[in-house]
1. Here is a list: V61, V45. Which entry is assigned by TED's automatic domain parsing to the domain that holds A135, in contact with a Cys (Cβ under 7 Å, 6 or more places away or on another chain), within 14 Å of ligand 2 (Cβ to nearest atom) and in contact (Cβ under 8 Å) with a residue 40 or more places away in the chain?
2. Pairs, please: C-beta under 8 Å, at least 6 apart or cross-chain, first residue more than 19 Å from R67 (Cβ to Cβ) and in segment 156-170, second away from ligand 2 (no atom under 16 Å from the Cβ) and open to solvent by less than 20 Å² (accessible area, probe 1.4 Å)?
3. Within segment 65-92, count every residue that is more than 16 Å from S115 (Cβ to Cβ), touching a residue at least 40 places away in the same chain (Cβ under 8 Å) and open to solvent by 40 Å² or more (accessible area, probe 1.4 Å).
4. Pull out all pairs, ordered by first then second residue, where Cβ-Cβ is under 8 Å, the residues are six or more apart or on different chains, the first lies in segment 137-155 and is within 17 Å of V127 (Cβ to Cβ), and the second is of a type in the set (D, E, K, R) and away from ligand 1 (no atom under 15 Å from the Cβ).
5. Select the strands (runs of 3 or more DSSP E) contained entirely in segment 159-260, then report the ones holding at least 1 residues which are open to solvent by 10 Å² or more (accessible area, probe 1.4 Å) and at pLDDT 95 or above.
6. Consider segment 145-158. How many of its residues are touching a Gly at 6+ places or on another chain (Cβ under 8 Å) and not in a loop (DSSP other than H, G, I, E, B)?
7. So, in segment 110-126, exactly how many residues are loosely packed, with under 14 Cβ neighbours inside 10 Å and within 16 Å of ligand 2 (Cβ to nearest atom)?
8. Condition first: touching a Leu at 6+ places or on another chain (Cβ under 8 Å) and of a type outside the set (G, A, S). Now tell me which residues in segment 133-163 satisfy that.
Amino acid sequence: MQSQSGNPLPWGSTPGGMTQFGTDVVRAAGILRAGGLVGMPTETVYGLAANALDACAVAKVFAAKGRPTFDPLIVHLADVSELPAVVSAVPPLVWRLAESCWPGPLTLVLPRAASVPDLVTSGLPGVGVRIPAHAMAQRLLRESGCPLAAPSANPFGGISPTTAAHVMAGLGGRVDYVLDGGPCRVGVESTVVSLMGEIPVVLRPGGVGPERLAELLGHYETARPDAALEDSAQPAPGMLSRHYAPRTPLRLIAASDVAIPVPGLRSGLLTWGPESEIPGFDRIFRLCREGNPEICAAGFFAALRDLDSAGLDVIIARQFRELGLGVALNDRLRRGAAGGEK
Ligand code: TXA
Ligand code: MG
């Protein structure tokens with residue numbers, strides 16, 4: 001990957017066109033104001049950003065990702081003071097959550113303001129809002145002056161990007177500029193919580209773990225993936241069962257299982273923990289010897305990419321303990337494995 005110079009494509013998103021990358025926030029902000037697309041670092045994963053109030057720009061996000069329009073986008077803001085730009089009502093619970101989780105890996109679904117294009121919310125009455133903690137994302141939001149709609153910057157259904165190079169590999173030629181903010185610190189997407197009803201509903205586990213959510217929310221419900229429809233506007237559209245998927249078939253083993261390669265297949269292993277001798281695998285990626293979920297999360301998607309590009313027939317992945325970020329990682333593993341069995 002080489003840094004490119006020269007002017008950005010005027011409206012970009014031209015398949016086969018040249019995508020530039022670098023650390024020029026002012027230039028990226030100008031592209032966003034002009035209706036273009038920018039790969040944006042956040043503390044969770046890289047996002048594919050567009051001005052959330054510009055329906056044409058938002059349409060380009062769906063086109064660049066190959067994302068169905070029934071899957072709504074998260075709107076990123078610099079600060080809670082900007083909520084009225086995209087939200088029509090702020091339930092009191094928001095302030096408590098904001099105080100302890102924002103900026104950070106929490107997305108709240110709140111009643112949308114009329115200014116938010118239908119495309120952003122897929123016609124749903126709520127809009128997902130998040131205030132990212134990454135310093136470069138903050139600078140971009142302030143410099144552009146736009147709320148930024150940004151899904152993860154990967155082709156739809158694929159592995160989320162945690163470096164600028166991942167974004168270039170997946171969407172190069174379809175985005176005007178990629179801001180390089182280094183590897184993402186958290187490594188797994190935000191927790192999505194809907195506050196549209198009386199009881200908060202967790203739509204997607206993520207960077208705020210369940211123990212912390214329980215402290216903050218008290219009683220809450222969790223949307224079940226099997227309750228989600230696969231092909232129409234859904235209350236929890238991100239619950240599509242196959243998602244975050246490597247091209248290589250992924251098989252899961254329990255946290256305490258012995259890892260055994262599949263006879264006759266070139267087998268890779270994604271694991272954690274102290275075991276030292278694991279014979280028979282063609283490639284092994286160990287995320288963390290102690291099994292610390294935060295450390296595992298930071299390297300998770302990059303490890304999955306590494307194994308996916310290693311010419312393997314199958315990837316065996318050890319599930320995580322259902323604690324902290326381990327819950328979000330197991331969710332991504334299950335969805336990565338759905339329908340991918342060989
Ligand atoms: O950490 C993250 O959340 C990253 C970074 C870039 O911020 N973004 C991200 O976006 O993961 P995406 O589009 O890959 O996932 C957003 C999830 C989807 O599952 C989507 O269905 C759900 O949030 N979502 C967004 N807006 C929603 C809405 N209005 N109602 C219900 N679910 C919504
Ligand atoms: Mg995504």
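1. Working: V61 fails: in contact with a Cys (Cβ under 7 Å, 6 or more places away or on another chain).
Criteria check complete, one pass: V45.
2. Cβ pairs passing all conditions: A164/V178; A164/L179.
3. Final tally of qualifying residues: 5.
4. Pairs found: C146/R33; C146/D54; P147/E82.
5. Values: elements: 177-179, 191-194, 201-204, 250-253.
Output list reads 191-194, 201-204, 250-253.
6. Going through segment 145-158 one residue at a time, the tally reaches 2.
7. 0
8. Passing the criteria: M136, L140, L141, C146, P147, L148, P151, N154, P155, I159.
The values are calculated or read from the model by the stated rules, or taken from the named source; none is laboratory data. Computed from a predicted structure; not experimentally measured. Every residue, glycine among them, receives a Cβ derived from its backbone with ideal geometry; neighbour counts consider all protein chains shown. Heavy atoms of the whole protein, side chains included, go into the accessibility calculation; ligands, DNA and RNA do not. Shrake-Rupley method; radii C 1.70, N 1.55, O 1.52, S 1.80 Å.
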